[in-house]
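K.L.:
If you scroll down you'll find the structure; I have some questions about it.
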There are 2 protein chains.
Amino acid sequence: MIAAATPTADALVDLAIVLAAAKLGDELFKRLGQPSLVGEIFAGLLIGPSLLGLVAPTEVLELFAELGVVFILFWVGLETRLSEMREVGRVAGVVGLAGVALPFACGMAFGLAIGESTATAVFIGAALAATSAGITSAVFDDLGLLGSRAARTVLGAAVVDDVLALILVAVATGIAAEGGFDPLVLVVSAGAAVAFIAFFALGGTALLSRRPGLLHEPRFSESPLLPAVILCLVLAALAAEIGLAAIIGAFLAGMIVAETRDQHPIEREVEPLYAFFPPFFFVFIGLEIDLDALADGGALLLLGALTVIAIVSKLVSAYPAALPLGRKDASLVATGMVPRGEVGIIVAGIGATAAVIDDELFAAVVAMSVVTTLLVPPVLRRLAADDAEAEPGGRAS
Amino acid sequence: MIAAATPTADALVDLAIVLAAAKLGDELFKRLGQPSLVGEIFAGLLIGPSLLGLVAPTEVLELFAELGVVFILFWVGLETRLSEMREVGRVAGVVGLAGVALPFACGMAFGLAIGESTATAVFIGAALAATSAGITSAVFDDLGLLGSRAARTVLGAAVVDDVLALILVAVATGIAAEGGFDPLVLVVSAGAAVAFIAFFALGGTALLSRRPGLLHEPRFSESPLLPAVILCLVLAALAAEIGLAAIIGAFLAGMIVAETRDQHPIEREVEPLYAFFPPFFFVFIGLEIDLDALADGGALLLLGALTVIAIVSKLVSAYPAALPLGRKDASLVATGMVPRGEVGIIVAGIGATAAVIDDELFAAVVAMSVVTTLLVPPVLRRLAADDAEAEPGGRAS
């Protein structure tokens, strides 16, 4: 070696391994007729600490994973118009509310039933509550259904879910802390979340639909790509800093940019970023699976129980709530609400930091998130197969 | 706040601030008729620890800066054919060798003259030796001259420079360490560097010119973008791990990909990545400027002396070496060799870690790199103004 390898060189190696592994997994699963994102999650499991140990879930990889889901939701926002969200808004809101309430109640009851403390039980409930907007969107995109009414309903419900789950986490953190929680803080934060979303969803789209050339005005760029990406990062960072999920900011930014008339050239330009970052998100989920902690009967039983509760409680709550869309769409919506993914993992991580979620429970929640994610694509594909709209699409650019 | 801000959320905020600041600086400088990258460096100085203190040069930002220069060199490689490099190869080699030898000798002599130790003097020489391939390419690209013979010569010479400078660093590190350095290790590493470059430059381009459809074969992707980006990251990581600069791997990867027949669609797809990452590189250079350490007469004198030596020694060595290209091109080449940028900063950083470069000297070397970078674009623009080929181009996509 001419010079010693630096931390930057090591991080570069991690990025190269993760991206190459993701695409090998994707390739293999595509050839087997399976969905890409499942191949990418398995690639993460394979190269992660549980098996080959090539790569560990470092802070840098976590950031790239976050950028991955940020660009997924930005892309989804680009494909979404506020008017379309309004159209499904009422149903999505009911699906989201029902789809948080029942899984939360069931998860909490289960926690208490197996003898956990109230704080731990609240965390289990919160981890079961939120549908993963990122995974759900990627699955619908893979199936070429991102623009469908069912997909938009799931997406709207997942955003409602995310907000509610993060509020539940605040409550749970308060209960876990010694002093309990302050209801006033809760009301203020929930108000801030709603105000943030309303302000950017309504104000931002109104501004850009009135001045669609705005993103073209800067001279630093011939195209609106960088102004749009900056808006995405700024709203994502802002959302993360006020304690909302970064992806909500990214989704709003995409929806605002979609209001400009040049939606199509922008999509073509965002596509390479949408191809580059999301694999880091799916590999990272695989990296976080801890097979060792799951390697005994008790843990597997816990995982099985959590997974059954996760699936049944979403289906039972979301299907009736989505029935106004018709039976076919209601079953697509209910199935689409099942994948948990990153929000469940984040909630469990906060619980682990607060020392109310132990290693086994954490591993089981992560594995439950992955299992619910893996089960859904084949079912959705079958449900959608009759649908004439379905055509292959997705990130593969 | 609903939940506490995580390290990931903070990193997201840093990225948003850096990208937004870079593009505001770019915008301002474009409106003033100045080059973008200078505006981005000043944006980094403004938001960095020396002035506003909004952002510090963290490891995450260093990685994004590295990815920035990696994508600059990947882009430059895409625009370069091996045959064109061969055409300027001999002259570029001589320019590179002469352009390392004289600045190194002058820097070392200066170090000894001001009473520094031999080890410190060797580091000063090595920090003055290497032209920045990243900055030089960005400047030529800004002027629409990236494809010109002069630009290719500077690029080839800068690659030669980089390799030689990193070997000098190995020597310097050996001298700084107690045991001196082992000539055998040096020969082996230099051999490995040359073998790496020759293997990928010749073998990689031969493979892809024979099988131009290779990057289209994976099913995970409809376009060759991700296979190309993976090749870029893998070669960059490999180059960094064997102690070469990551950018040399990225440049080789670009040149290999350029051999495929579908060069043009790939460039259009790489463009968004080339728009996204490089601003982090230029802002990071600005972040590293330490105005406090330069705030006394002695330090400013040191900076002035280093800058004069840096400029004169490159001009005096590169101009005669480039004369076979004619006087006009020789003056473009000699001027193009002046910017130091990242390699000088990296060398000084290694010296600081080895405790042979103190804070004042480190600050002066960084500032010298920045000053040589800032002075060159206006001069190159004037020199190139007569040139009918010149048309605006660059990263602004």
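Only the coordinates and a few stated rules stand behind these numbers; no lab work does. Quick caveat, the model's predicted, so the values are computed rather than measured. Don't worry about glycine lacking a Cβ; one is built from the backbone with ideal geometry, like all the others, and counts go over all protein chains shown.
K.L.:
Based on DSSP H runs of at least 4 residues, each adding -39500 (n - 2.57), what is the mean residue ellipticity at 222 nm of chain A after dividing by all its residues, to the nearest 500 deg cm²/dmol?
P.N.:
Using -39500 (n - 2.57) per qualifying helix, the result is -24500 deg cm²/dmol.
K.L.:
Continuing with this model, one more query. Label-to-label distances across copies for A:L207, with labels 7 Å out along Cα→Cβ, in nm, shortest first?
P.N.:
Copy-to-copy label distances at A:L207, shortest first: 4.9 nm.
K.L.:
For chains B and A related by rotation, which residue of B has the Cβ nearest the axis, and what is the rounded distance in Å?
P.N.:
B:P272, 2
K.L.:
What residue among A:L102, A:L112, A:L168 shows peak mean-square fluctuation when chain A is described by a Gaussian network model with Cα springs under 10 Å?
P.N.:
Comparing A:L102, A:L112, A:L168 in a Gaussian network model of chain A, the most mobile one is A:L112.
K.L.:
Using a Förster distance of 30 Å, how high is the FRET efficiency between A:L184 and A:L97, based on the Cβ-Cβ distance and rounded to 0.05?
P.N.:
Once rounded, the FRET efficiency stands at 0.85.
K.L.:
Using a label position 7 Å from Cα in the Cα→Cβ direction, what is the ascending list of nm distances from B:L184 to the same site in the other copies?
P.N.:
Shortest to longest, the spacings are 7.5 nm.
K.L.:
Right, something else. Highest mean first, how do B:278-284, A:285-291, A:30-36, B:327-333 rank when packing is the count of other Cβ atoms within 10 Å averaged over residues?
P.N.:
B:278-284, A:285-291, B:327-333, A:30-36
K.L.:
Let me ask you something else. Between A:E360 and B:E217, what is the label-to-label distance in nm when each label sits 7 Å out along the Cα-to-Cβ direction?
P.N.:
If labels sit at A:E360 and B:E217, their model points lie 4.9 nm apart.
K.L.:
How large is ³J(HN,Hα), in whole Hz, for each residue of the stretch B:352-369 in order, when computed from phi with the Karplus curve 6.51 cos²θ - 1.76 cosθ + 1.60 and θ = phi - 60°, using x for Gly and Pro?
P.N.:
Here the 3J(HN,Hα) series is 5, 4, 7, 6, 10, 10, 8, 4, 5, 5, 4, 4, 5, 5, 4, 5, 4, 4 Hz.
K.L.:
Which of A:A127, A:A109, A:A195 moves most in a GNM of chain A, Cα contacts under 10 Å?
P.N.:
Comparing A:A127, A:A109, A:A195 in the GNM, the peak value goes to A:A195.
K.L.:
What does the structure give for A:265-276 when I average, per residue, the other chain Cβ atoms found within 10 Å of the residue Cβ?
P.N.:
Across the residues of A:265-276, the mean count of other-chain Cβ atoms within 10 Å is 4.
K.L.:
With a point put 7 Å past each Cα toward its Cβ, work out how far A:L112 is from B:D296 in nm, to one decimal.
P.N.:
6.9 nm
K.L.:
Please state the shape class of the stretch B:31-143: rounded when a/c is under 1.5, otherwise prolate if a/b exceeds b/c and oblate if not, all from the C-alpha gyration tensor.
P.N.:
oblate
K.L.:
In addition: What is the stretch B:42-101 by shape, rounded, prolate or oblate, if you read a ≥ b ≥ c off the alpha carbon gyration tensor as root eigenvalues and call it rounded for a/c under 1.5, prolate for a/b larger than b/c, and oblate otherwise?
P.N.:
Prolate, because a/c is 1.5 or more and a/b exceeds b/c.
K.L.:
Here's a follow-up. Over the residues of the stretch A:107-204, compute the C-alpha Rg and express it relative to 2.2 N^0.38 Å.
P.N.:
With N residues counted in the stretch A:107-204, Rg over 2.2 N^0.38 Å equals 1.31.
K.L.:
What number in nm² do you get for the protein assembly as shown if you take the convex hull of its Cα atoms and divide its surface by four?
P.N.:
34.5 nm²
K.L.:
With a/c under 1.5 counting as rounded, go ahead and sort chain A into rounded, prolate or oblate using the C-alpha gyration tensor (a ≥ b ≥ c being the square roots of the eigenvalues; past the cut-off, prolate if a/b is larger than b/c, else oblate).
P.N.:
rounded
K.L.:
Using a Gaussian network model of chain A whose springs link C-alpha atoms within less than 10 Å, name the residue from A:T131, A:T353, A:T205 with the highest mean-square fluctuation.
P.N.:
A:T353
K.L.:
Report the FRET efficiency, 1/(1 + (r/R0)^6), for B:S209 and B:A352, where r is their Cβ-Cβ distance and R0 is 45 Å, rounded to 0.05.
P.N.:
For B:S209 and B:A352, the calculated efficiency is 0.55.
K.L.:
Now, a different point. In nm, one decimal, shortest first: how far is the label point of B:D359 (7 Å from Cα along Cα to beta carbon) from the matching points in the other copies?
P.N.:
4.3
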